[in-house]
There are 2 protein chains.
Amino acid sequence: MAARREHLFEVFNCLIAIKKECSSQIFTECGLVDITVKQVAYLRAIDEHTDVTFSRLAEITGTSKPTVTEMINKFVRMECVYRERSSADGRIAYIRLTRKGRMIAKAEQNTLNRMIERMIQSLDDDDVDRLIEILGKVR
Amino acid sequence: MAARREHLFEVFNCLIAIKKECSSQIFTECGLVDITVKQVAYLRAIDEHTDVTFSRLAEITGTSKPTVTEMINKFVRMECVYRERSSADGRIAYIRLTRKGRMIAKAEQNTLNRMIERMIQSLDDDDVDRLIEILGKVR
DNA sequence: TTTAATTAGGTATAACAAAACTAACAATAA
DNA sequence: TTATTGTTAGTTTTGTTATACCTAATTAAA
């Protein structure tokens, strides 16, 4: 029935609005409302690998070392990353995420977690279980 | 319980993946995979007003007429809009969305509609009704 | 000498704007 | 009625600023 579609549309529209709210909360809290999609991708790349150096990040992102230096300098100014000089080899610097940088790198997961927190607060346990059961069927 | 949160996280993660799939389908079908966020915002502005002229769009977007001319020329090349000269006043041109332009302007709604179509195909009517009921409670 | 990162210097593109311009229209004086 | 003048809508030219990249040269450590 078309009314079912309509109703589903409405409830999901509302849910999407809540998600957007949670997401922009995160970026606002970090003071990074106009960070770009590419910058987030860089932070994620750093987060998803361990002990990332400048050469390694150039490799991962398919760019050059100067590009990485520039980008990282910007991120340092944005308080998203810091350099950690290797104690074993003074030439090497590891790129480390700050708390803020990690928050942005994991923004999607964090958004979803906040959204789920709100859902759990609005719903009783039975509803949550039913919701999990029903949505688990969607392919 | 933490397990509930975990389960909710999983099912919603899956749902978000489906949504992304539906969304990129739309952009791929239009051949506009790397359209920018700003460009989509312009198309939406055109869609949300009637009989938009160049001056009007400059006003709406808080930019200048040359910027609009440039942007619209690009959109014409992308086959998202076309100019329609006013028959009453030869100086005026209305900016009209093509089928493709409208698809992009309404990409969010279209994405949601496709997602809902998939949900309806995966679920029976009772599940849909329950889903609407439960999600309707979320604030 | 080789390697890791940085600096210096440069290119291409996006997204804007100011100023000058063209074409169309409106009002009016000859 | 027609020519003149001023106004408006959109375009072109030219220039600015910022992003995102590059190559080549340099510095410092190994």
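Values in this text are rule-based calculations from the coordinates and carry no lab data. Please read all numbers here as calculations on a predicted model, not as lab measurements. Quick reminder, even Gly has a Cβ in these numbers, built from the backbone with ideal geometry, and neighbours come from all protein chains shown.
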Return the tail of the calculated pair distribution for chain A, meaning the percent of Cα-Cα pairs more than 28 Å apart.
-> 38 percent
Partner shielding of A:119-132, taken as the mean number of other chain Cβ atoms within 10 Å, equals 5
Helix A:2-29 versus the longest principal axis of chain A: what angle, 0 to 90°, nearest 10, using Cα atoms?
-> 30 degrees
Radius of gyration and Dmax over the Cα atoms of the protein assembly as shown, both given in Å = 23.0, 78
Within straight-line cross-link reach of residue B:137, lysines at Cα separation under 16 Å, skipping those fewer than 8 residues along the same chain = A:19
Going fewest to most other Cβ atoms within 10 Å around each Cβ, B:106, B:137 line up as B:137, B:106
Relative to the longest principal axis of the C-alpha atoms of chain A, give the angle of the C-alpha long axis of helix A:107-122, reported between 0 and 90° and rounded to the nearest 10°.
-> 30 degrees
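For the pair residue A:77 and residue B:44, what calculated FRET efficiency results from E = 1/(1 + (r/R0)^6), where r is the Cβ-Cβ distance and R0 = 30 Å, to the nearest 0.05?
Computed FRET efficiency for residue B:44 and residue A:77: 0.40.
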So what's the angle, to the nearest 10 degrees on a 0 to 90 scale, between helix B:37-48 and the longest Cα principal axis of chain B?
-> 80 degrees
Which FRET efficiency, nearest 0.05, do residue A:16 and residue A:85 yield, Cβ-Cβ r, R0 51 Å?
-> 0.70
Inter-label distance for residue B:65 and residue A:29, nm, one decimal - labels placed 7 Å from Cα along Cα-to-Cβ = 4.8 nm
Could you state, as a whole-number percent, how many of the C-alpha pairs of the range A:29-104 are farther apart than 21 Å?
-> 19 percent
Using only Cα atoms, locate the centre of the range A:1-67 and the centre of the range B:46-89, then give the distance between them in Å, rounded to an integer.
-> 31 Å
Sorted shortest first, the nm distances from the residue A:21 label point (7 Å along Cα→Cβ) to its counterparts in the other copies are 2.9
Computed FRET value (nearest 0.05) for residue A:92 with residue B:137, which takes r as the C-beta separation and R₀ as 41 Å | 0.15
